[in-house]
Amino acid sequence: MRARLRTALIALATLAASATIAHADSGTIRFKVLKGGWFIGASGGSGVLSFRGRQYPLSIGGVSAGLVFGASETRLSGRVSNINRPSDVAGVYGAGGAGAALGRGVSAIVLTNEKGAVLELSGRQTGLMVNADLSGLAISLR
């Protein structure tokens with residue numbers, strides 16, 4: 001009897017999870033981030049989420065640790081998927097990376113937060129920046 005109950009509960013949980021994913025939607029996002037650092041870096045910026053015909057202002061902040069030297073401005077835009085409401089974009093996104101920019105460069109990244117929102121971004125980076133670090137990026141609705 002317990003095995004049947006457990007199987008039924010697992011099936012119900014799977015069905016509920018797939019129904020939530022099936023209703024997930026997508027939108028577009030664009031933002032500008034200024035980053036600077038000397039071993040420990042900080043970043044901040046702002047942007048806009050476009051979702052279901054409305055625009056939502058965003059605040060961006062973050063820290064990085066590792067080899068960080070210089071300053072840069074990055075403008076990213078792209079698609080955000082697997083969200084049900086604008087607040088699903090808010091959260092912490094983590095990344096590890098390495099790179100260098102002198103003048104202008106191109107960047108692309110895919111990030112996921114704790115709510116399952118997926119950002120697929122590309123854009124341009126301007127400035128002098130050398131990094132091999134772990135970064136955290138926090139996005140919040142204003």
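The values are calculated or read from the model by the stated rules, or taken from the named source; none is laboratory data. Model, not experiment: these values are computed from the prediction. Every residue, glycine as well, gets a Cβ built from its backbone with ideal geometry; the counts of neighbours run over all protein chains shown.
Tabulated results
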{"item": "Condition met for ALA101 (small (Gly, Ala, Ser), crowded, with 19+ Cβ neighbours inside 10 Å, modelled with pLDDT of 90 or more and in contact with a Ser or Thr (Cβ under 8 Å, 6 or more places away or on another chain))", "result": "no"}
{"item": "Output for segment 76-98, where each listed residue is modelled with pLDDT of 70 or more and aliphatic (A, V, I, L, M)", "result": "LEU76, VAL80, ILE83, VAL89, ALA90, VAL92"}
{"item": "Unique residue being at pLDDT 90 or above and within 19 Å of GLY123 (Cβ to Cβ) when the list is SER43, SER59", "result": "SER59"}
{"item": "Looking only at segment 50-83, and only at residues there that are free of Cβ contacts under 8 Å to residues at least 40 places away in the same chain and farther than 20 Å from GLU114 by Cβ, the one that is surrounded by the most Cβ atoms within 10 Å (Cβ to Cβ)", "result": "SER50"}
